[in-house]
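K.L.:
Sending over a structure as structure tokens; questions will come in a sec.
The values are calculated or read from the model by the stated rules, or taken from the named source; none is laboratory data. Since the model is a prediction, treat every value here as computed from it, not as a measurement. Backbone-built Cβ (ideal geometry, glycine too); neighbour counts: all protein chains shown. Calculation scope for accessible area: heavy atoms of the full protein, side chains included, ligands and nucleic acids excluded. Shrake-Rupley method; radii C 1.70, N 1.55, O 1.52, S 1.80 Å.
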Amino acid sequence: MIRPTIGIRFCGGCNPRIDRGRIARELEQALASMGHTVVYNSPDADFVIFLSGCLSGCAFKYNPKDPPYVSVAATAVDGEEAGEARIVPDVLRKVRQYDERLERKIRQEDHERGRGAQTG
């Protein structure tokens, strides 16, 4: 399976409480090792990591599209407090869950196509 493109979208950085650059570099390295292409601040991503430095969550607020996503706002991941040390592992877990859902969907579609070809 070709892995989806992952976008990392930053806030403006006016009041960062986390090291967004370090977190983005760690995520990019881990995601690339999982077979994902990582793009920054691009609307052309299959899944987006919104990386905001504070609780305002500005990276998400100005999103022009509605892709599947995970939102980091300061030390919270999808609204749940994680602590800075847990941000990368928690985000990677959510990306893996997304990958697994895609794989199940593809297997189901392949199964249904195979069944339809036999009865059609």
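K.L.:
Using DSSP to define loop residues, name the GluC sites (Glu not before Pro) in the range 32-106 whose beta-carbon has at most 13 other beta-carbon atoms within 10 Å.
P.N.:
Here no loop site has a sparse enough neighbourhood.
K.L.:
Another question, if that's okay. Please determine, in degrees from 0 to 90 and to the nearest 10, the orientation of helix 20-33 with respect to the longest principal axis defined by the Cα atoms of the chain, where the helix direction is its Cα long axis.
P.N.:
Between helix and principal axis, roughly 20 degrees.
K.L.:
Right, another one. With +1 on each Lys and Arg Cβ and -1 on each Asp and Glu Cβ, how big is the dipole of the range 1-84 about its Cα centre, in debye rounded to the nearest 20?
P.N.:
That gives the range 1-84 a dipole magnitude of about 240 debye.
K.L.:
Next question. Could you tell me what percent of the accessible area of the chain is made up of carbon and sulfur, with a 1.4 Å probe and every protein chain present?
P.N.:
Taking all protein chains in place, the chain shows 48 percent carbon and sulfur surface.
K.L.:
Just to be sure I understand the model, the point goes 7 Å from the Cα along the line to the Cβ. What's the resulting Arg107 to Asp19 distance in nm?
P.N.:
3.9 nm
K.L.:
So what is the accessible area of the chain per residue, in Å², with the probe set to 1.4 Å?
P.N.:
59 Å²
K.L.:
May I pose another question? Quick one: putting +1 on the C-beta of Lys and Arg, -1 on the C-beta of Asp and Glu, what dipole do you get for the range 36-120 around its Cα centre, in Debye to the nearest 20?
P.N.:
Using Cβ point charges on Lys, Arg, Asp and Glu, the range 36-120 gives about 200 debye.
K.L.:
Per DSSP H run of at least 4 residues, take -39500 (n - 2.57); add these up for the chain, divide by its residues and hand me the 222 nm value, nearest 500 deg cm²/dmol.
P.N.:
Only helices count here, giving -15000 deg cm²/dmol.
K.L.:
Taking 7 Å along the Cα-to-C-beta vector as the label spot, tell me the Asp78-Ile2 distance in nanometres, rounded to one decimal.
P.N.:
Distance between the two pseudo-spin positions: 2.6 nm.
K.L.:
What does the extension gain come out to for Arg86 and Asn63, with contour length at 0.36 nm per residue minus their alpha carbon separation?
P.N.:
This chain segment gains 5.8 nm when fully extended.
K.L.:
Another question about this same structure. Enter the angle in degrees (range 0 to 90, nearest 10) between the Cα long axis of helix 84-119 and the first principal axis of the Cα atoms of the chain, meaning the one along which they spread out most.
P.N.:
Taking Cα atoms only, the helix is inclined about 20 degrees.
K.L.:
Once the mean 1/r over all distinct Cα pairs of the range 31-120 is inverted, what Kirkwood radius in angstroms do you read off?
P.N.:
Result for the range 31-120, one decimal place: 15.0 Å.
K.L.:
Ok, one more. What do you get for trypsin sites (Lys or Arg not before Pro) in the range 1-110 restricted to DSSP loop and a cutoff of at most 16 other Cβ within 10 Å of the site's Cβ?
P.N.:
Filter output for the range 1-110: Arg17, Lys65.
K.L.:
Here is a follow-up. Taking the chain as a Gaussian network, where each spring joins two C-alpha atoms under 10 Å apart, which residue of Val39, Val72, Val48 fluctuates the most?
P.N.:
Val39
K.L.:
Then there's this: Spit out the partnerless Cys residues in the chain, using Cβ distances under 4.7 Å as the pairing rule.
P.N.:
Cys14, Cys54
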